[in-house]
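Novice: This is the structure, below, for whatever I ask next.
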4 protein chains.
Amino acid sequence: MMEAMAAPTRSELAEGLSAAMAEIHRRGWCDGTGGNFSCVLKRNPLRLLMAPSGVHKSAVAPEELIEVDGQGAVLRGEGKASAETALHLAIVERCGAGAVLHTHSQAGTLLSQWAQPQGHLELRDLEMLKGLEGITTHACSVRIPVLANDQNLPKLSALAAPLLPQAPQGLLIAGHGLYAWGNNLSSAQRHLEILEFLLEQHWRQLLLQALAPAPSA
Amino acid sequence: MMEAMAAPTRSELAEGLSAAMAEIHRRGWCDGTGGNFSCVLKRNPLRLLMAPSGVHKSAVAPEELIEVDGQGAVLRGEGKASAETALHLAIVERCGAGAVLHTHSQAGTLLSQWAQPQGHLELRDLEMLKGLEGITTHACSVRIPVLANDQNLPKLSALAAPLLPQAPQGLLIAGHGLYAWGNNLSSAQRHLEILEFLLEQHWRQLLLQALAPAPSA
Amino acid sequence: MMEAMAAPTRSELAEGLSAAMAEIHRRGWCDGTGGNFSCVLKRNPLRLLMAPSGVHKSAVAPEELIEVDGQGAVLRGEGKASAETALHLAIVERCGAGAVLHTHSQAGTLLSQWAQPQGHLELRDLEMLKGLEGITTHACSVRIPVLANDQNLPKLSALAAPLLPQAPQGLLIAGHGLYAWGNNLSSAQRHLEILEFLLEQHWRQLLLQALAPAPSA
Amino acid sequence: MMEAMAAPTRSELAEGLSAAMAEIHRRGWCDGTGGNFSCVLKRNPLRLLMAPSGVHKSAVAPEELIEVDGQGAVLRGEGKASAETALHLAIVERCGAGAVLHTHSQAGTLLSQWAQPQGHLELRDLEMLKGLEGITTHACSVRIPVLANDQNLPKLSALAAPLLPQAPQGLLIAGHGLYAWGNNLSSAQRHLEILEFLLEQHWRQLLLQALAPAPSA
């Protein structure tokens, strides 16, 4: 359930998104030209601010961001919109998200592929879950949907759409990475850090459980 | 055994705490809006300087810190005090701590959950133990208490209180993270770095012991 | 298939290469004085700009770079050309590369040694593969050639030469590291980040596959 | 075999040592107040510049360094010399070292303890070995001596002394960390980065060898 959005100016949004991408690259979550990042400029009609396709995300200046409409057409700025814009738009529409951050981290790539046969990755009993909107206790379990990867983005978006409203502000694409979102950019950044933390933690849990049984009282 | 505290000014304390939080976030120990951090402004009556609840700790300006009293009520500044303030206060009162740093690291989350059935995590025979106040040789063993996580902070604090005086300047909450403290901010930072180092080391020891027996002479 | 190169000035190339090396060191991919890095100044006759041999790559100023010819002789600047210049030249000639980045990362050193008996390392089914020039779907497999290490660089280069045109913009030398290249510096940087990501991912996949079977549906 | 030392000024040495410590802390190799770092100011009589005992190494200003003589007495500056000065002095005297860098890294702590029963850690067949003074091929093996930890530093130094001339510019103390040295500060930094790389690599090799046999041709 998203709250009403605050209304930062276009240049505040652009500066915020540019800084968020640089920080996400610093952490190793969008190497190469991987990942994509957007935020909502306005809703009626829908306008997204996002990085152009195929650029390195470590140093995209605010003025290099492009503006796209609700069909993914570029209205302003230089460069193309990524094919993945379709999934950004689905998340904005289905979840009322104000920002969508799509990363290619080590843990996200690894566990999305590992959990794909099951169709979801379950995370439970950790305090960090409380960083996700609407969760107020560690004593819970969330299931991040995991979809098979597909280069047909309209098809992938159509498969994702019905899963989005129940998703814990995150969705995994197998062998590909994580989409995280929130009602505004800072909320999306919080959800991204929380979900990336939980993915890395799950990988460590799997190794530890296999190798070292917990000591008893 | 804590030494008499030096008396930095309020703005020195605020700048120090702000810088400490930024560094702790840089290391990945308080992702999302996880963790909380406080230091003692004065003792009679007790006043704590701390980050407001629910903010991202990477860039909290000194003037954004709040001041709370010995019951956790906010006396100055904008925002709410975290429910975890109760545990900060218990540590300040029981241990005479001048600063309390509460992190959500990978190793702290993982090993607190792993060791919870035993009620403590034992660390031994490492030179880095000497970074903890009062320890003068590696040839020793310390036990960090591990409590079950609970969203009822007054209850959790009451369970923690009797364990605090013997704790090695650190306490683990299962699946949640580490509380580290010291008689002032720099001492608490030292204890935090030492305990986080030792937790990460313990995780590596568990993997190595399971997979590769030490070579013999 | 390389595109026509843009034509930055000499000082733009030198600044770009200097900044690329500092970033590569920050990531821990060229510790000590390991690794070497070059880009093409012009093609007829061939001139390379590169770091002199034996210097630490974290802070090489643009004016400290040397210029070498197609036989690896230093034409300008102070210091010697690394013996590995022979392999840089082979890559430039065989692949039409505009920049060659040679790293000594943890995963590159580890997996090059591990995969050497097989003569290649196969990477497959990951979205990040699309960061490599010419790859348009995750549903593919690439084989990075792995050569035995040899201090005789002319011999090593002669062994590498026939493998280069089919190599996925990368080559591993066993127990030594990775060569990545591209038609210009930013393309080589993209390929380096992609290949280093995929190597680190492969190491994690090997651990996870051995320890934790994927959950079934 | 060490070359004749260059002669930087005192303030150049102090600035270099201060910057080296900040970088070593950034990499997580001297958490808490762990580690110690020195360089030779002059030889006759012997004078060392070093960090005072018990300070955090992330931000020691050049003017905060102390000067000690060949018996470890402080001649200039505020603070005490670490008890470990005895081992720094032994290394300077036995190896002609111009700088000694002593770290407490994860891999150094772990593998020193693991290899202690054998009395050494063997590293072999890696290109990165060539970063150690005097090594010209990867096809070699070096043995880093590993001594049991002891709080009696004169005793530890006496045990170390006969091992130092054959040591590969590095010595491990079990469960404690690494001493690395070189004929001047930049050479010591190179050896430190090389040895820390090789220790981390050895830990990864041990996990991989236990879990994933190499593929055959």
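The values are calculated or read from the model by the stated rules, or taken from the named source; none is laboratory data. These numbers come from a predicted model, not from an experiment. With ideal geometry, Cβ positions are generated from the backbone for all residues, glycine too; neighbour counts draw on all protein chains shown. In case anyone asks, the SASA skips ligands and DNA or RNA and just uses the protein heavy atoms, side chains included. Shrake-Rupley method; radii C 1.70, N 1.55, O 1.52, S 1.80 Å.
Novice: If I go through the range B:151-173 residue by residue, how many of them are in contact with a His (Cβ under 9 Å, 6 or more places away or on another chain), within 14 Å of chain A (Cβ to nearest Cβ) and assigned to a loop (DSSP other than H, G, I, E, B)?
Specialist: Summing the residues that are in contact with a His (Cβ under 9 Å, 6 or more places away or on another chain), within 14 Å of chain A (Cβ to nearest Cβ) and assigned to a loop (DSSP other than H, G, I, E, B) in the range B:151-173 gives 1.
Yes or no, residue by residue, for (1) modelled with pLDDT of 95 or more; (2) farther than 21 Å from A:Asn152 by Cβ:
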position	(1), (2)
A:Glu3	no, yes
A:Ala14	yes, yes
A:Ala22	yes, yes
A:Cys30	yes, yes
A:Met50	yes, no
A:Pro62	yes, yes
A:Ala86	yes, no
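Novice: So which residues in the range C:127-147 are within 15 Å of the chain's Cα centre (by Cα) and either under 15 Å from C:Arg190 (Cβ atoms) or among the small types (Gly, Ala, Ser) (or both), if there are any at all?
Specialist: C:Gly131, C:Leu132, C:Glu133
Novice: Separate question: Could you say which residue among A:Leu206, A:Leu172, A:Leu198 is among the hydrophobic types (A, V, I, L, M, F, W, C) and under 22 Å from B:His56 (Cβ atoms)?
Specialist: So the residue among A:Leu206, A:Leu172, A:Leu198 that is among the hydrophobic types (A, V, I, L, M, F, W, C) and under 22 Å from B:His56 (Cβ atoms) is A:Leu198.
Novice: Quick one: how many residues across the range A:109-126 are buried (at least 21 other Cβ atoms within 10 Å of the Cβ) and either more than 14 Å from chain B (Cβ to nearest Cβ) or free of Cβ contacts under 8 Å to residues at least 60 places away in the same chain (or both)?
Specialist: Matching residues across the range A:109-126 total 9.
Novice: Further question on the same structure: Just the residues that are open to solvent by 20 Å² or more (accessible area, probe 1.4 Å) and touching a Leu at 6+ places or on another chain (Cβ under 9 Å), please, taken from the range A:127-138.
Specialist: A:Ile135, A:Thr137, A:His138
Novice: Checking B:Ala139 against (1) out of contact with any Asp or Glu (no Cβ under 8 Å at 6 or more places or on another chain); (2) in a loop (DSSP other than H, G, I, E, B); (3) not hydroxyl-bearing (Ser, Thr, Tyr): exactly one of these is not met. Which one?
Specialist: Every condition holds for B:Ala139 apart from (1).
Novice: Can you tell which of A:His56, A:His88 is away from every other protein chain (no Cβ under 14 Å) and within 28 Å of C:Arg124 (Cβ to Cβ)?
Specialist: Selected residue: A:His88, the only one of A:His56, A:His88 that is away from every other protein chain (no Cβ under 14 Å) and within 28 Å of C:Arg124 (Cβ to Cβ).
Novice: Based on this model, can you work out whether A:Val100 counts as under 24 Å from A:Ala20 (Cα atoms) and in contact with a helix residue (DSSP H, G or I) (Cβ under 7 Å, 6 or more places away or on another chain)?
Specialist: It is true that A:Val100 is under 24 Å from A:Ala20 (Cα atoms) and in contact with a helix residue (DSSP H, G or I) (Cβ under 7 Å, 6 or more places away or on another chain).
Novice: Quick one: how many residues across the range D:48-76 are open to solvent by 50 Å² or more (accessible area, probe 1.4 Å) and over 18 Å from the mean Cα position of the chain (by Cα)?
Specialist: Qualifying residue count for the region: 7.
Novice: Just the residues that are touching a strand residue (DSSP E or B) at 6+ places or on another chain (Cβ under 9 Å), charged (D, E, K, R) and open to solvent by 40 Å² or more (accessible area, probe 1.4 Å), please, taken from the range D:139-168.
Specialist: Result: D:Arg143, single match.
Novice: Being more than 14 Å from chain A (Cβ to nearest Cβ) and either open to solvent by 30 Å² or more (accessible area, probe 1.4 Å) or closer than 17 Å to D:Phe197 by Cβ (or both) is the filter here; which residues of the range C:97-107 pass it?
Specialist: C:His102, C:His104
Novice: Name the residue that is farthest from the other protein chains (Cβ to nearest Cβ), counting only residues in the range A:127-150 that are in contact with a His (Cβ under 8 Å, 6 or more places away or on another chain) and of a type in the set (Asp, Glu).
Specialist: In this case the residue turns out to be A:Glu133.
Novice: Is one or more of the residues making up the range B:180-196 surrounded by fewer than 23 Cβ atoms within 10 Å (Cβ to Cβ), at the interface with another protein chain (Cβ under 8 Å from one of its Cβ atoms) and closer than 30 Å to D:His120 by Cα?
Specialist: no
Novice: Can you tell me how many residues within the range C:14-47 are under 17 Å from the mean Cα position of the chain (by Cα), open to solvent by 10 Å² or more (accessible area, probe 1.4 Å) and more than 14 Å from C:Ser105 (Cβ to Cβ)?
Specialist: Result for the range C:14-47: 5.
Novice: Going by the conditions given, is C:Leu153 over 29 Å from A:Ala107 (Cβ atoms) and in contact with a helix residue (DSSP H, G or I) (Cβ under 6 Å, 6 or more places away or on another chain)?
Specialist: Against the criterion (over 29 Å from A:Ala107 (Cβ atoms) and in contact with a helix residue (DSSP H, G or I) (Cβ under 6 Å, 6 or more places away or on another chain)), C:Leu153 qualifies.
Novice: Turning to a different aspect of this structure: For the range C:204-217, what are the residues that are assigned to a helix (DSSP H, G or I), open to solvent by 10 Å² or more (accessible area, probe 1.4 Å) and within 7 Å of another protein chain (Cβ to nearest Cβ)?
Specialist: Result: C:Arg204, C:Gln205, C:Leu206, C:Ala210, C:Leu211.
Novice: Scan the range A:111-150 for residues that are closer than 28 Å to B:His56 by Cβ and acidic (Asp, Glu) and jot them down.
Specialist: A:Glu122, A:Asp125, A:Glu127, A:Glu133
Novice: Quick check, is A:Lys80 free of Cβ contacts under 8 Å to residues at least 40 places away in the same chain, more than 30 Å from B:Thr103 (Cβ to Cβ) and not acidic (Asp, Glu)?
Specialist: Yes, satisfied.
Novice: Another one. Which pairs turn up if I take residues in the range B:9-27 that are farther than 9 Å from B:Val60 by Cα and look for partners that are among the basic types (Lys, Arg) and open to solvent by less than 10 Å² (accessible area, probe 1.4 Å) with beta carbon separation below 8 Å, at least 6 apart in sequence or on another chain?
Specialist: Cβ pairs passing all conditions: B:Ile24/B:Lys57; B:His25/B:Lys57.
Novice: Let me confirm something: among B:Ser105, B:Ser112, B:Ser58, which residue is of a type in the set (Gly, Ala, Ser) and at pLDDT below 95?
Specialist: B:Ser58
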